[in-house]
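Encoded as structure tokens, the structure appears first; notes follow it.
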Amino acid sequence: MINSVITQMAEELRKASKVALFSHVSPDGDCIGSMLGIGLALEALGKEVAMFNPDPIPRNLSFLPGVDKITQSMPDPLPETLLFVDCADLQRVQLQREDLPADAVILNLDHHISNQNFGRINWVDSQAAASGELAYALVRRLNVELTQEIAANFYTALLTDTGSFKYANTTAKTHQIAGELIEAGISLGDIHHFVFDQTPMVKLELLRRGLNQLQFFAEGQLGMMTLRKQDFEESGAEESLSEGLIDHARTVEGVEVAVLLKEAKPDVVRVSLRSNRWFDVNRIADGFGGGGHQRAAGCTLHLSLEEAKQKVRQIIEEELKLGRSH
């Protein structure tokens, strides 16, 4: 079945002379690395390629080969073939179905368990550690040379979505693909340095503020960190710099669930959820209209920061009381 879907998607891309690629808001290494790797491969096949993301590229990903090709302006006119990468639904690209041409060939490549299968061709594998695994397989099916530039993007996709290959989603297949990307000649030291070892001072200030507002509930099983809009404004940190802060709550001894609530504007709160061993945070996010994975998910609540915190806390505490057997 999977081979059939890969073949169908590859054939649609081979037929197209123009392709537009899309990746989700608040971009991370997986969506950007996967999109760039596929985009560079399609360019190598002689395709006219447009790559779109609604938000600015995080500074720790600005080193990626081809990143300057990504635009925040929607391609106009849109080509017939549209490939959505690492997007569980169209809203993750700030789009509705009516925004797209009626005859558009929508290709959907993703690994989120909450994916809505909105494409004409849907390649969704929730067992994949990252969309980068699927993107890599697609490029191999297209018989494009695995250049250092393409490989660096795919390696970054795997690296970031597996937490440096330490999360439970990492498999033998993940390591096998990483090995093949390394054999393509990428510089591991440079990639790790740019992704993890270039922390801006303003991010440290944002972390300080987040730690000052970190609280623990449910006998230490739940850690909740909040960031107010003024924390971003006063620290000078853009929202993308909050990436990874939630791990400071998740890695505390005894914590099973970690939550980061970010006040985007009055009555708009973005919620990130992580768990360690057994708690299904995707179920929580889904209840609020969001989604993701069992161990990592998110949603947006149209409430005040305090109301959002109380609502999320109450539901998670109830689930924690039911325990692992629930």
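The values are calculated or read from the model by the stated rules, or taken from the named source; none is laboratory data. Since this is a predicted model, take the numbers as computed values, not measurements. Reconstructed Cβ throughout: ideal geometry from the backbone, glycine too, with neighbour counts over all protein chains shown. Accessible surface areas use protein heavy atoms only, side chains included; no ligands, DNA or RNA. Shrake-Rupley method; radii C 1.70, N 1.55, O 1.52, S 1.80 Å.
Tell me, yes or no, whether segment 241-254 has at least one residue that is of a type in the set (Val, Ile, Thr), closer than 23 Å to residue 323 by Cβ and more than 16 Å from the chain's Cα centre (by Cα).
Yes, segment 241-254 contains at least one residue that is of a type in the set (Val, Ile, Thr), closer than 23 Å to residue 323 by Cβ and more than 16 Å from the chain's Cα centre (by Cα).
Any idea which residue in segment 152-179 is nearest to residue 129 (Cα to Cα), counting only those that are open to solvent by 20 Å² or more (accessible area, probe 1.4 Å), assigned to a helix (DSSP H, G or I) and in contact with a helix residue (DSSP H, G or I) (Cβ under 8 Å, 6 or more places away or on another chain)? Talk me through it step by step, then tell me what you get.
Pass one, segment 152-179, residues open to solvent by 20 Å² or more (accessible area, probe 1.4 Å): 160-161, 164-173, 175-176, 179.
Then drop every residue that is not assigned to a helix (DSSP H, G or I), which leaves 160-161, 172-173, 175-176, 179.
Right, trim to in contact with a helix residue (DSSP H, G or I) (Cβ under 8 Å, 6 or more places away or on another chain) and you get 160-161, 173.
Working: 160: 10, 161: 7, 173: 9 Å.
The selected residue is 161.
Take the residues in segment 76-104 that are over 30 Å from residue 173 (Cα atoms) and of a type in the set (A, V, I, L, M); name whichever of them is surrounded by the fewest Cβ atoms within 10 Å (Cβ to Cβ). Before the answer, list the steps.
Narrowing segment 76-104 to residues over 30 Å from residue 173 (Cα atoms): 76-80, 91, 94-104.
Applying the additional criterion that residues be of a type in the set (A, V, I, L, M) yields 78, 95, 100, 102, 104.
On the way: 78: 16, 95: 19, 100: 15, 102: 6, 104: 17.
Selected residue: 102.
Please name all residue pairs, on different chains or six or more residues apart, with Cβ atoms under 9 Å, provided the first residue is in segment 93-106 and is in contact (Cβ under 8 Å) with a residue 24 or more places away in the chain and the second residue is of a type outside the set (S, T, N, Q) and part of a helix (DSSP H, G or I).
Correct list of pairs: 105/12; 105/15; 106/90; 106/97.
Every residue in segment 19-40 that is farther than 21 Å from residue 241 by Cβ and open to solvent by 20 Å² or more (accessible area, probe 1.4 Å), please.
40
Mind counting the residues in segment 294-316 that are open to solvent by 40 Å² or more (accessible area, probe 1.4 Å) and not polar (S, T, N, Q)?
Within segment 294-316, residues that are open to solvent by 40 Å² or more (accessible area, probe 1.4 Å) and not polar (S, T, N, Q) number 8.
In this structure, does residue 139 turn out to be within 22 Å of the chain's Cα centre (by Cα), buried (at least 17 other Cβ atoms within 10 Å of the Cβ) and outside any strand (DSSP E or B)?
Yes; evaluated as a whole, the condition is true for this residue.
Which residues, taken from segment 107-136, are acidic (Asp, Glu) and either without any contact (Cβ under 8 Å) to a residue 24 or more places away in the chain or in a strand (DSSP E or B) (or both)?
The answer is 110, and nothing else.
Pairs, please: C-beta under 7 Å, at least 6 apart or cross-chain, first residue touching a residue at least 60 places away in the same chain (Cβ under 8 Å) and in segment 1-22, second acidic (Asp, Glu) and in a helix (DSSP H, G or I)?
Short answer, once both residue conditions are applied: none.
Might you let me know whether segment 304-319 holds any residue that is assigned to a loop (DSSP other than H, G, I, E, B) and either at pLDDT 95 or above or among the β-branched types (Val, Ile, Thr) (or both)?
yes
Given (1) open to solvent by 50 Å² or more (accessible area, probe 1.4 Å); (2) in a helix (DSSP H, G or I); (3) not polar (S, T, N, Q), where does residue 284 come up short, assuming only one miss?
Among (1) open to solvent by 50 Å² or more (accessible area, probe 1.4 Å); (2) in a helix (DSSP H, G or I); (3) not polar (S, T, N, Q), the lone unmet condition for residue 284 is (1).
Does segment 1-18 hold any residues that are more than 29 Å from residue 298 (Cα to Cα), open to solvent by less than 60 Å² (accessible area, probe 1.4 Å) and touching a strand residue (DSSP E or B) at 6+ places or on another chain (Cβ under 8 Å), and which are they?
Scanning segment 1-18 gives 12, 13, 16.
For residue 43, which of the numbered conditions (1) open to solvent by 30 Å² or more (accessible area, probe 1.4 Å); (2) assigned to a loop (DSSP other than H, G, I, E, B); (3) at pLDDT 95 or above fails to hold?
Status for residue 43: all satisfied but (2).
State all residues of segment 248-265 that are at pLDDT 95 or above, open to solvent by 30 Å² or more (accessible area, probe 1.4 Å) and at negative phi; if no residue qualifies, say none.
Residues satisfying the conditions are 248, 250, 251, 252, 253, 263.
Kindly indicate whether any position in segment 53-67 is at pLDDT below 95, under 15 Å from the mean Cα position of the chain (by Cα) and basic (Lys, Arg).
For segment 53-67, residues at pLDDT below 95, under 15 Å from the mean Cα position of the chain (by Cα) and basic (Lys, Arg): absent.
Restricting to segment 194-227, count the residues that are touching a residue at least 60 places away in the same chain (Cβ under 8 Å), buried (at least 16 other Cβ atoms within 10 Å of the Cβ) and not in a helix (DSSP H, G or I).
6
Among the residues of segment 58-79, which ones are over 23 Å from residue 17 (Cβ atoms), aliphatic (A, V, I, L, M) and without any contact (Cβ under 8 Å) to a residue 40 or more places away in the chain?
Selection gives 67 alone.
Working only within segment 248-269, note down all residues that are touching a residue at least 40 places away in the same chain (Cβ under 8 Å) and out of contact with any Ser or Thr (no Cβ under 8 Å at 6 or more places or on another chain).
Answer for segment 248-269, where residues must be touching a residue at least 40 places away in the same chain (Cβ under 8 Å) and out of contact with any Ser or Thr (no Cβ under 8 Å at 6 or more places or on another chain): just 248.
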